There are 2 protein chains.
Amino acid sequence: MNQSQIPYKIYLDEKDIPTSWYNVRADMKNKPAPLLHPATLEPLKFEDMQPIFCDELIRQELDNDTQLIPIPEEILNFYKMYRPSPLTHAVFLEKALDTPAHIFYKFEGNNTSGSHKLNSAIAQAYYAKEQGLKGVTTETGAGQWGTALSMACAFFGIDCKVYMVKVSYEQKPFRREVMRTYGAEVTPSPSMNTQIGRKINAAHPGTTGSLGCAISEAVEVATQTPGYRYVLGSVLNQVLLHQSVIGLETQAACKKYGIKPDIIIGCAGGGSNLGGLISPFMGEKLRGEADYRIIAVEPASCPSFTRGVFAYDFADTGMVCPMAKMYTLGHDFIPSPNHAGGLRYHGMSTILSQLYADGLMEARSVEQTSVFEAAKLFARAEGILPAPESSHAIRGAIDEALKCKETGEEKTIIFGLTGTGYFDMTAYEAYNNGTMTDYIPSDEDLAKGFASIPKIK
Amino acid sequence: MNQSQIPYKIYLDEKDIPTSWYNVRADMKNKPAPLLHPATLEPLKFEDMQPIFCDELIRQELDNDTQLIPIPEEILNFYKMYRPSPLTHAVFLEKALDTPAHIFYKFEGNNTSGSHKLNSAIAQAYYAKEQGLKGVTTETGAGQWGTALSMACAFFGIDCKVYMVKVSYEQKPFRREVMRTYGAEVTPSPSMNTQIGRKINAAHPGTTGSLGCAISEAVEVATQTPGYRYVLGSVLNQVLLHQSVIGLETQAACKKYGIKPDIIIGCAGGGSNLGGLISPFMGEKLRGEADYRIIAVEPASCPSFTRGVFAYDFADTGMVCPMAKMYTLGHDFIPSPNHAGGLRYHGMSTILSQLYADGLMEARSVEQTSVFEAAKLFARAEGILPAPESSHAIRGAIDEALKCKETGEEKTIIFGLTGTGYFDMTAYEAYNNGTMTDYIPSDEDLAKGFASIPKIK
């Protein structure tokens, strides 16, 4: 690799946008464990999922064999609005760290949703439209996924009902207004529109809601309203499939300029970004064509990979969703309130869980203030103010680059920069004011969550 | 022009970033009128400006003759972080409007400052650094310019002191925190740090400040603190010079794909974006090589081009700055409080004022709700939530495209999309809730502002 011939930002041509998604499951010897029906404990079948999910998305969810799944033209047309996304050579960060390492990042934040979530939102909205549905429902916490879905639904002219955790709805009105500008109906959760919402409001007057409750409401509305289905922005196999565009473009950019990554790093919450970035590289690894160190970076306050157990658990706090075999902290686990940003899911993608269990990737956890330290350093060096989630990957990349500085090794590091932090300035303010704190759950804290994991062999 | 061969987004290569700025004054027969010293009414000389501005920037301010001014390598390196910016073929907007017109937009919002302001901020910070200064001061209203300058100063390692209008400081804390994250010292204005601030606070206890007052404080601090100078993000000739990178890249993209614009449209506040976009095209027009319709779009609530007078006036409300010959509403004019976003300057760039007086460009004013209607339509069609300022240009482009629909003409329209509206969601909320109002000043309202224009022949 001749560094001087690599541009600062590698923009592929429009014609280089992948025309198929890559399904890493096709190359996995040990397939991810199937979702289980919570009542029968039998693997979930197409018909079981049909009342909740769009038909084509269920097919993608269950397909462990097809390696390449063509991307419909209408989705490709939308991708052209913000893809290919740049793979950037972080020369200014390298200089700031004084490291011999070569650092690259794939930046997915150059769109109004501010993150990679749009890659799957547009696919899910398209299949809903194709099925002749009237609309979709979903939940959102801070609002990245809800924003992406609102944009996607506006593009295809279908309805979008978003249940937004009440505390975010009230305290973070900006993303709510972006969603409304895109025509979404945004309801604070728990609401009085649903049985579960009324029940929770009655049991806990004045509650400010939770993601688990918002999921339950969105699923209830989807299943009870003719012409609606529920959609989800992470964790599911279909989402990792759609997000493979991130990794495919990264792979193509690397090939074009002869970049050979040694280490690939992504942040991990439910796994959508990490899975998307690493899938094609993991494919090479699974097929024995190349080897890479692949590292998931997760928050120390929600450490599902590094301190969780690999077991069947409910996918949601409310236990209305199926059970998934995954690294989990228990569906009752809720991260400490001092935790900023996303990456607060108790579980993990079943695909990534299986790959981790098989020793094909590593994981580490990082503390919040060290994440924001990395975020600030990156923002000042590279001119992009990163999302708190993405900054976990930055922290991981910086740590690896600093190791290279010690050893003198010229390793090539690629990390996923999933989004921008423009709607997260309250967390930055806490960091700037020195009032941000760290939290590492004790073994006793974790034991409470583990106790909620059902006993299934 | 074969439409089908033009990609949706035209990204030039890194090597196509302009290596010189284009100075439109060199091609103007009637040069912009010089700034006048407020006391002597004599044209401002280098020495007069030296206590306030950086030396090299004064040279650029006064240079009416050099057509191309080389861009220093350090600035070019920074430009690579976010330039070339894309020229986008707005195929989805065309479809939504069902127009035969071909619409393109040059998008300057893909950077953390969220606007084109960074193009000049990095140049001004560089020259301050080169001169061995310790830092710079400036004022900011909503914060776009302050954010851009903070990023630029962080990159070159010089101090940045921002006086932020108090009401914005308190009500819009997000941009303030972006600036602080980049290391800027942000002070609510009027402060107790300056003579003028203390005076205003004493005279108007509890005042929430104004841009005019913030300018006066920033200038006072720059002139009273050793090693500091004052910098400004719009209006000045030097700023239009730096912003010419927008137009030069647009011109290069047009040449590459055989796009021949009929109409070029930009929003107009102080003129930095409009001047930058149109300069190279205006140069062709001035040299008789091509003809274009060039349209400035300004808010009906602050109509300096369309209802102002062409006269010498103070550049600032506080009358501490020099006088400029420009289209002005009078330095006492303040737009109605219902006016959202920027474009609230009482005057206009002297360069653009001269071009307008010479009949080389047109201007029109648009009302606020029609601007947000255009913004929402654009956001949903093209996937970018635009800044309120930029949306004036969108409104202008849509109106021209709708005229083409009536006449069946296939005109090619290019407009400047200066930035994103992520920090302007309060205004979007008002529009979404139907509570946004319009305001057109009456002739009597304008007469009050005109009365503040000094009588100078």
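Filtered by the rule that a residue be under 21 Å from A:Glu400 (Cα atoms) and of a type in the set (Asp, Glu), region A:326-370 gives A:Glu362, A:Glu367. The residue that is farthest from B:Trp145 (Cα to Cα), among those in region B:327-377 that are of a type in the set (A, V, I, L, M, F, W, C) and under 16 Å from the mean Cα position of the chain (by Cα), is B:Ala363.
Yes or no, residue by residue, for (1) among the small types (Gly, Ala, Ser); (2) on the phi > 0 side of the Ramachandran plot; (3) part of a helix (DSSP H, G or I):
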position	(1), (2), (3)
A:Ser353	yes, no, yes
A:Leu360	no, no, no
A:Ala363	yes, no, no
A:Thr369	no, no, yes
A:Phe372	no, no, yes
A:Leu377	no, no, yes
A:Arg380	no, no, yes
A:His392	no, no, yes
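If you check B:Ser113, B:Ser150 for being closer than 19 Å to B:Val221 by Cα, polar (S, T, N, Q) and within 14 Å of another protein chain (Cβ to nearest Cβ), only one passes: B:Ser150.
Inspection of region B:7-25 finds no residue satisfying the criterion of being assigned to a helix (DSSP H, G or I), outside the structural domain of B:Gly288 (by TED's automatic domain parsing) and out of contact with any helix residue (DSSP H, G or I) (no Cβ under 7 Å at 6 or more places or on another chain).
Condition test on B:Glu74, is it open to solvent by 10 Å² or more (accessible area, probe 1.4 Å) and in a strand (DSSP E or B)? Judged against the criteria, B:Glu74 is not a match. Kindly check whether there is at least one residue in region B:102-110 that is open to solvent by less than 10 Å² (accessible area, probe 1.4 Å), more than 19 Å from the chain's Cα centre (by Cα) and among the hydrophobic types (A, V, I, L, M, F, W, C). Taking every residue of region B:102-110 in turn, at least one turns out to be open to solvent by less than 10 Å² (accessible area, probe 1.4 Å), more than 19 Å from the chain's Cα centre (by Cα) and among the hydrophobic types (A, V, I, L, M, F, W, C).
Taking B:Glu298 as meeting all but one of (1) open to solvent by 30 Å² or more (accessible area, probe 1.4 Å); (2) modelled with pLDDT of 95 or more, write down the number of the exception. Status for B:Glu298: all satisfied but (1).
For every residue, the table says whether it meets (1) among the aromatic types (Phe, Trp, Tyr); (2) over 30 Å from B:Ala374 (Cβ atoms); (3) open to solvent by 40 Å² or more (accessible area, probe 1.4 Å).
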position	(1), (2), (3)
A:Pro173	no, no, no
A:Met179	no, no, no
A:Tyr182	yes, no, no
A:Glu185	no, no, yes
A:Ser189	no, yes, no
A:Ala222	no, yes, no
A:Asn237	no, yes, no
A:Leu240	no, yes, no
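Assess whether A:Met425 counts as being open to solvent by less than 30 Å² (accessible area, probe 1.4 Å), without any contact (Cβ under 8 Å) to a residue 12 or more places away in the chain and more than 22 Å from A:Phe305 (Cα to Cα). In short, yes.
Scoring B:Ala39 on the criteria (1) open to solvent by 30 Å² or more (accessible area, probe 1.4 Å); (2) among the small types (Gly, Ala, Ser); (3) within 11 Å of another protein chain (Cβ to nearest Cβ) leaves a single failure, condition (3). Hey, does region A:397-410 have a residue that's touching a strand residue (DSSP E or B) at 6+ places or on another chain (Cβ under 9 Å) and either basic (Lys, Arg) or within 13 Å of chain B (Cβ to nearest Cβ) (or both)? There is no residue in region A:397-410 that is touching a strand residue (DSSP E or B) at 6+ places or on another chain (Cβ under 9 Å) and either basic (Lys, Arg) or within 13 Å of chain B (Cβ to nearest Cβ) (or both). Of all the criteria given as (1) of a type in the set (Ser, Thr, Tyr); (2) within 20 Å of A:Ser301 (Cβ to Cβ); (3) surrounded by fewer than 17 Cβ atoms within 10 Å (Cβ to Cβ), the one not satisfied by A:Ser391 is (3).
The set of residues in region B:159-172 being within 22 Å of the chain's Cα centre (by Cα) and of a type outside the set (A, V, I, L, M) consists of B:Cys160, B:Lys161, B:Tyr163, B:Lys166, B:Ser168, B:Tyr169, B:Lys172.
Within the span defined as region A:196-206, every residue fails to be within 14 Å of chain B (Cβ to nearest Cβ) and out of contact with any Cys (no Cβ under 8 Å at 6 or more places or on another chain).
Select the helices (runs of 4 or more DSSP H) contained entirely in region A:178-269, then report the ones holding at least 3 residues which are of a type in the set (A, V, I, L, M, F, W, C) and touching a residue at least 40 places away in the same chain (Cβ under 8 Å). Even if it seems obvious, please write down each step before you answer.
Details: elements: A:195-203, A:211-224, A:237-257.
Counting at least 3 such residues, we get A:211-224, A:237-257.
Filtered by the rule that a residue be in a helix (DSSP H, G or I) and touching a Gly at 6+ places or on another chain (Cβ under 8 Å), region A:424-445 gives A:Ala427, A:Tyr428. Taking the criterion of being in contact (Cβ under 8 Å) with a residue 24 or more places away in the chain, assigned to a loop (DSSP other than H, G, I, E, B) and out of contact with any strand residue (DSSP E or B) (no Cβ under 7 Å at 6 or more places or on another chain), the residues of region A:39-65 that qualify are A:Leu41, A:Pro51, A:Asp63, A:Asn64, A:Asp65.
Within region B:397-405, is even one residue of a type in the set (A, V, I, L, M), out of contact with any Ser or Thr (no Cβ under 7 Å at 6 or more places or on another chain) and crowded, with 18+ Cβ neighbours inside 10 Å? Even if it seems obvious, please write down each step before you answer.
Restricting attention to region B:397-405, the residues satisfying the condition of being of a type in the set (A, V, I, L, M) are B:397-398, B:401-402.
Now restrict to residues that are out of contact with any Ser or Thr (no Cβ under 7 Å at 6 or more places or on another chain): B:397-398.
If we keep only those that are crowded, with 18+ Cβ neighbours inside 10 Å too, we end up with B:397-398.
Yes, region B:397-405 contains a residue that is of a type in the set (A, V, I, L, M), out of contact with any Ser or Thr (no Cβ under 7 Å at 6 or more places or on another chain) and crowded, with 18+ Cβ neighbours inside 10 Å.
Per the listing B:Pro280, B:Pro322, B:Pro335, the residue uniquely open to solvent by less than 40 Å² (accessible area, probe 1.4 Å), in contact with a Phe, Trp or Tyr (Cβ under 9 Å, 6 or more places away or on another chain) and under 20 Å from B:Ile414 (Cα atoms) is B:Pro280.
So, A:Ala125, is that one farther than 27 Å from A:Phe281 by Cα, in contact with a helix residue (DSSP H, G or I) (Cβ under 9 Å, 6 or more places away or on another chain), open to solvent by 30 Å² or more (accessible area, probe 1.4 Å) and not β-branched (Val, Ile, Thr) or not? So A:Ala125 fails the test.
Within the group A:Asp438, A:Asp445, which residue is away from chain B (no Cβ under 14 Å), closer than 26 Å to B:Thr181 by Cα and charged (D, E, K, R)? Before the answer, list the steps.
Numbers: A:Asp445 fails: closer than 26 Å to B:Thr181 by Cα.
When all the criteria are applied, what remains is A:Asp438.
The values are calculated or read from the model by the stated rules, or taken from the named source; none is laboratory data. These figures come from a predicted structure and were not determined experimentally. Positions of Cβ are backbone-derived with ideal geometry, glycine not excepted, and every protein chain shown enters the neighbour counts. When the accessible area is computed, the model is the full protein with side chains, heavy atoms only, and any ligands, DNA or RNA have been set aside. Shrake-Rupley method; radii C 1.70, N 1.55, O 1.52, S 1.80 Å.
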